[in-house]
Amino acid sequence: MPNCVGKQDKDLIIRWGEIYNKQKITTQYELHTNLDVFLIIQREESPEPKIQKIGKFNDSLYCNLLVKLRNAIIEVQSLNSPGDEVSNFMEYLDKPNNAHFRATWNPIFTNKGNELFKKIFSEYQEGIKNLR
């Protein structure tokens, strides 16, 4: 576990991805505090998602992006502006500490509400390119 994660945060999960509304498909990444990253594809007509471990984030990138995500959640507090065709989302899920946040936005537009999450989303996407 990276040094920025305390014992109380050990079950934290971060998710980000795309929802294809007309096709009813969600493609997302799931990042755990042990730095494992999974690719998950969920089709509405299928009860079980396809889950594949694709690698690990490095400690410093994880900690850097975790701080940015937590700060964005505090700053924006609520974002639910889905797109017609595609929606992007970021999710912070910490069940043991009763914390859950999900931001959803239309990737076509940039505005004050989604600008920060679009930037962080891109940084998480870049992190996928550098998995170990």
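Just to check, using Stokes-Einstein with a Kirkwood Rh over alpha carbon pairs, what's the diffusion coefficient of segment 62-132 at 25 °C and 0.890 mPa s in µm²/s? The partial results should precede the final answer.
On the way: Rh = 12.8 Å.
The estimated diffusion coefficient comes to 191 µm²/s.
Using only side-chain charges placed at the Cβ, +1 for Lys and Arg and -1 for Asp and Glu, the dipole size of segment 40-100 relative to its Cα centre rounds to 360 debye.
Return one whole number: the accessible area per residue of the chain in Å², for a 1.4 Å probe.
Values: 7720 Å² over 132 residues.
Ligands and nucleic acids excluded, the result is 58 Å² per residue.
Enumerate the amide H contacts of L79 below 5 Å, restricted to partners 5 or more residues apart or on another chain; note that Pro and chain-start residues carry no placed amide H. It is T104, by chain and number. Our note on the geometry: Cα centres of segment 1-39 and segment 68-132, 11 Å apart.
Please compare each pair in K53/K118; K95/K129; K95/K118; K22/K118; K53/K129 to a cut-off of 18 Å on the Cα-Cα distance and tell me which ones are over it.
Checking Cα-Cα distances, K53/K118; K95/K129; K95/K118; K22/K118 exceed 18 Å.
Going through segment 73-117, which chymotrypsin sites (Phe, Trp or Tyr not before Pro) have at most 12 other Cβ atoms within 10 Å and a DSSP loop state? In loop regions of segment 73-117 (DSSP not H, G, I, E or B), the sparsely surrounded chymotrypsin sites (Phe, Trp or Tyr not before Pro) are F109. Bridges between two residues of segment 66-132, per DSSP, are antiparallel at a rate of about 80%.
The values are calculated or read from the model by the stated rules, or taken from the named source; none is laboratory data. Being a predicted model, the structure only gives us computed values, none of them experimental. Note: ideal-geometry Cβ built from the backbone for every residue, glycine included; neighbour counts use all protein chains shown. We work out accessible area using only protein heavy atoms, side chains counted, and drop any ligands, DNA or RNA first. Shrake-Rupley method; radii C 1.70, N 1.55, O 1.52, S 1.80 Å.
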